[in-house]
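Asker: Got a structure for you, questions after.
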Amino acid sequence: MQTKNTNTDFEVRSLDAMCFNESELVHPWWFNFKYLFAGIFFGIILIKAQVISWFRIQEMFRLQSFHMYGVIGSAVVTGAISVFIIKKLKIKTIYGEEIKFYPKEFSKGQIFGGLLFGFGWALTGACPGPLFAQIGIGATVITVTLFSAIAGTWVYGLLSKKLPH
Amino acid sequence: MKLLEWLSQPWPWWVAGPLIGLTVPALLIIGNKTFGISSSMRHLCAICLPTKISYFQYDWKKEIWNLFFVVGIIFGGIISSTLLNDPNPVQLNPALVKELHQYGINNYTQLIPIDIFNWQALLSVKGFILMIVGGFLVGFGTRYAGGCTSGHSITGLSNLQWPSLVATICFMVGGFIAANLFLPFILKF
């Protein structure tokens, strides 16, 4: 197994959610199919629990149903217990690599960006995962919403240095 | 066949929530990957729109797994709407049904309201705001916040990161304002 230095752009990317915790191993591209299967399972869960429903998001933001709070709350509790166990027992990946956790840095973006995303979430009834799932269930018009979200991502990249962080 | 029918019913929160939570350790254990979905849109920008913007200049090849994951979500959608399709309308709080009726939303056959989310509606003021402006805010806001519901609310909170709690509270505040104050005004159009 080879390793390579992957930390070259760590600083730029450390502002992002994706950046703590990286595998240093280099695998052939087709190893990624395991993430495809993980995504399939994840998509089915999102849809069968109706988390991708615009209606359910409206219920959540109007405090008319416990459903979404139950889903997110129990997901966080399960995730937290899992992370605790991984840290406590020093569980390794299936390739024997150490699982590392890095702290998230605070930035004002979490406030401004968070409010903007929340606004968009209520309008579209979807956060990024559900956008993909909605396209999958045949709502083809949501491809436009997805492209618009990608455009929003690009505009953020363009302006990121000028925005308060 | 009985199994498929059983699986096709809407899943309760106490089944779906823990399964979603288990995605965090699953991705860590199968390849040291941090669960987060909105980053996929950044990688798509980095791959498809080569520009001089430093924000998109990184080794996206390492992040390809994230795109496999979101393509998986699309396949998950196809499976759910065919093999595991639930023919019953979405069951909602009657107060919401009553409110939406005022805006001409009466179709509950799909998980999204096809009365307002369809190709024809795209060119109306309402459809433009809901789908195009809304989508833009999702992309811009998640990147500005450095993550979305998966990256901050699930992964970040699972790792007890207070900046993720700040982000999650702001997601909810933004959503409450939009859903209760702004959306009723827009839906009247």
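No lab work stands behind these numbers, since they all come straight from the coordinates. In this text the structure is predicted, and so the values were computed from the model without any measurement. All Cβ positions, glycine included, derive from the backbone under ideal geometry; neighbour counts span all protein chains shown.
Asker: I need the trypsin sites (Lys or Arg not before Pro) found in segment B:1-91, filtered to DSSP loop residues with at most 15 other beta carbons within 10 Å of theirs.
Answerer: Passing sites in segment B:1-91 are B:LYS52.
Asker: If you don't mind, there's one more thing I want to ask. Which percent of Cα pairs goes in each bin when the distances of segment B:116-189 are cut into 5 angstrom slices starting at zero?
Answerer: Per 5 Å bin, starting at 0, the Cα pair percentages come out as 3, 16, 21, 19, 15, 13, 8, 4, 1.
Asker: Tell me, what are the semi-axes, in whole angstrom and largest first, of the equivalent ellipsoid of chain B as set by the roots of 5 times the Cα gyration tensor eigenvalues?
Answerer: 30, 24, 18
Asker: Still on this model: Using only the Cα atoms of segment B:34-139, what are the Rg and Dmax in Å?
Answerer: Cα-based Rg and Dmax for segment B:34-139 come out at 18.3, 52 Å.
Asker: Also: Given the DSSP H assignment, sum -39500 (n - 2.57) over each helix run of at least 4 residues in chain B and divide by its residue total; what's the result at 222 nm in deg cm²/dmol, nearest 500?
Answerer: It comes out at -16000 deg cm²/dmol, rounded to the nearest 500.
Asker: Further question: Hey, can you grab everything whose amide H is under 5 Å from the amide H of A:LYS92? Only 5+ residues off in sequence or another chain; H modelled, so Pro and N-termini drop out.
Answerer: none
Asker: Could I ask something else about it? Please list 3J(HN,Hα) in residue order for segment A:63-79, calculated via the Karplus relation 6.51 cos²θ - 1.76 cosθ + 1.60 where θ = phi - 60°; whole Hz, with x for glycine and proline.
Answerer: Once θ is set to phi - 60°, the couplings for segment A:63-79 become 6, 9, 8, 8, 3, 5, 5, x, 4, 5, x, 6, 5, 5, 4, 4, x Hz.
Asker: Taking 1 over the mean of 1/r across every pair of different Cα atoms in segment B:85-159, what Kirkwood radius in Å do you get?
Answerer: 14.9
Asker: Can you give the translational diffusion coefficient of segment B:90-131 in µm²/s, computed by Stokes-Einstein from the Kirkwood radius over Cα pairs at 20 °C and 1.002 mPa s?
Answerer: Roughly 196 µm²/s, to the nearest whole number.
Asker: How big is D, in µm² s⁻¹, for segment A:107-165 by Stokes-Einstein at 10 °C and 1.306 mPa s if Rh is the Kirkwood radius over C-alpha pairs?
Answerer: 128
Asker: While we're looking at this one, here's another question. Evaluate the Kirkwood expression for the hydrodynamic radius of the protein assembly as shown, namely the inverse of the mean inverse distance over all pairs of different C-alpha atoms, and round to one decimal in Å.
Answerer: Computed over the protein assembly as shown, the radius equals 20.2 Å.
Asker: From the C-alpha coordinates alone, can you work out the Kirkwood hydrodynamic radius of chain A, in Å?
Answerer: It is 18.8 Å.
Asker: Check each of the chymotrypsin sites (Phe, Trp or Tyr not before Pro) in segment A:28-81 and keep only those in coil by DSSP with at most 12 other C-beta atoms within 10 angstrom; list them in order.
Answerer: A:PHE66
Asker: So which trypsin sites (Lys or Arg not before Pro) in segment B:105-189 are both in a DSSP loop and have at most 10 other Cβ atoms within 10 Å of their Cβ?
Answerer: Qualifying residues, ordered by number: B:LYS188.
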